[in-house]
1. In segment 130-151, which residues are in a helix (DSSP H, G or I) and in contact (Cβ under 8 Å) with a residue 24 or more places away in the chain?
2. How about segment 48-100: which of its residues are part of a strand (DSSP E or B) and farther than 13 Å from Tyr127 by Cβ?
3. Determine if segment 101-123 includes at least one residue that is assigned to a strand (DSSP E or B) and at pLDDT 95 or above.
4. Give Asn58, Asn46, Asn68 a once-over and let me know the one that is touching a strand residue (DSSP E or B) at 6+ places or on another chain (Cβ under 9 Å) and at positive phi.
5. Only one of these is surrounded by 13 or more Cβ atoms within 10 Å (Cβ to Cβ), free of Cβ contacts under 8 Å to residues at least 24 places away in the same chain and of a type in the set (A, V, I, L, M, F, W, C): Ala85, Ala75. Name it.
6. Checking the condition under 22 Å from Thr25 (Cα atoms) and touching a Phe, Trp or Tyr at 6+ places or on another chain (Cβ under 8 Å), which residue from Ser108, Ser92 passes?
7. With the condition kept exactly as written, say whether any residue in segment 149-156 is under 17 Å from the mean Cα position of the chain (by Cα), over 24 Å from Glu24 (Cβ atoms) and of a type outside the set (A, V, I, L, M).
8. Restricting attention to segment 89-115, and to residues there that are in contact (Cβ under 8 Å) with a residue 40 or more places away in the chain and out of contact with any Leu (no Cβ under 8 Å at 6 or more places or on another chain), which single residue is surrounded by the fewest Cβ atoms within 10 Å (Cβ to Cβ)?
Amino acid sequence: MDQVEFSGGLMHIKDHSSGHLSQETVKKLIQKSQEAKQQAYCPYSNFRVGAALLTLDNCVITGCNVENACYNLGACAERNAISKAVSEGYRSFKAIAIASDLKEKFISPCGGCRQFIREFGLNCEVYLSKPDGSYLKMTVDELLPVSFGPEELSMKKVFDIPEY
């Protein structure tokens, strides 16, 4: 059975499965994303979103959406969680769970968040959930096919305009 412990204000899940996450770990990650959505600041849209990010060492870092009267200055839950993780020194992630209040549809990251998550790898598992705890598991690669990432920046480039 997986165990949960808290240290330094961060939650750690002891996942004893090999490879993919255990059902219990997924449930805990989704639960943490639902708890994170309770902190959302969304007075304009009233659309709460929470995210729970699982690091390679099984640390859970949460985030929620934060809106702003100047709409484009708001921040999504997924980007908040990843930014918090990066500020704590994390650069690789196993999974992220996303929660909202949508009852009839799984919440999915917006295009900007898909690209933001992609920055840290294509194989991260993404759990799209509903308030009842049901979920759909996808990878970043499935959510953002034919994506642009850090590896493209180191590829060979041509600086001359070719003649045809």
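1. Within segment 130-151, the subset in a helix (DSSP H, G or I) is 140-143, 150-151.
Residues satisfying the conditions are Val140, Leu143, Pro150.
2. If we filter segment 48-100 for residues that are part of a strand (DSSP E or B), which is where we start, we get 49-55, 59-64, 66, 75, 93-100.
Across segment 48-100, the qualifying residues are Val49, Thr55, Cys59, Ile61, Thr62, Gly63, Cys64, Val66, Ala75.
3. Keep residues of segment 101-123 that are assigned to a strand (DSSP E or B), which gives none.
No: segment 101-123 contains no residue that is assigned to a strand (DSSP E or B) and at pLDDT 95 or above.
4. Details: Asn46 fails: touching a strand residue (DSSP E or B) at 6+ places or on another chain (Cβ under 9 Å); Asn68 fails: at positive phi.
Of Asn58, Asn46, Asn68, the one residue that is touching a strand residue (DSSP E or B) at 6+ places or on another chain (Cβ under 9 Å) and at positive phi is Asn58.
5. Details: Ala85 fails: free of Cβ contacts under 8 Å to residues at least 24 places away in the same chain.
When all the criteria are applied, what remains is Ala75.
6. Details: Ser108 fails: touching a Phe, Trp or Tyr at 6+ places or on another chain (Cβ under 8 Å).
Just a single option satisfies the conditions, and that option is Ser92.
7. Keep residues of segment 149-156 that are under 17 Å from the mean Cα position of the chain (by Cα), which gives 149.
Applying the additional criterion that residues be over 24 Å from Glu24 (Cβ atoms) yields 149.
Within this subset, residues satisfying the condition of being of a type outside the set (A, V, I, L, M) are 149.
Within segment 149-156, one or more residues are under 17 Å from the mean Cα position of the chain (by Cα), over 24 Å from Glu24 (Cβ atoms) and of a type outside the set (A, V, I, L, M).
8. Pass one, segment 89-115, residues in contact (Cβ under 8 Å) with a residue 40 or more places away in the chain: 93-101, 107.
Restricting the remaining residues to those that are out of contact with any Leu (no Cβ under 8 Å at 6 or more places or on another chain) gives 99-101.
Numbers: Ala99: 32, Ser100: 23, Asp101: 15.
Result: Asp101.
The values are calculated or read from the model by the stated rules, or taken from the named source; none is laboratory data. Bear in mind the structure is a predicted one, so any value in this text is a computation, not a measurement. Because the Cβ atoms are built from the backbone with ideal geometry, glycine has one as well, and the counts that use them run over all protein chains shown.
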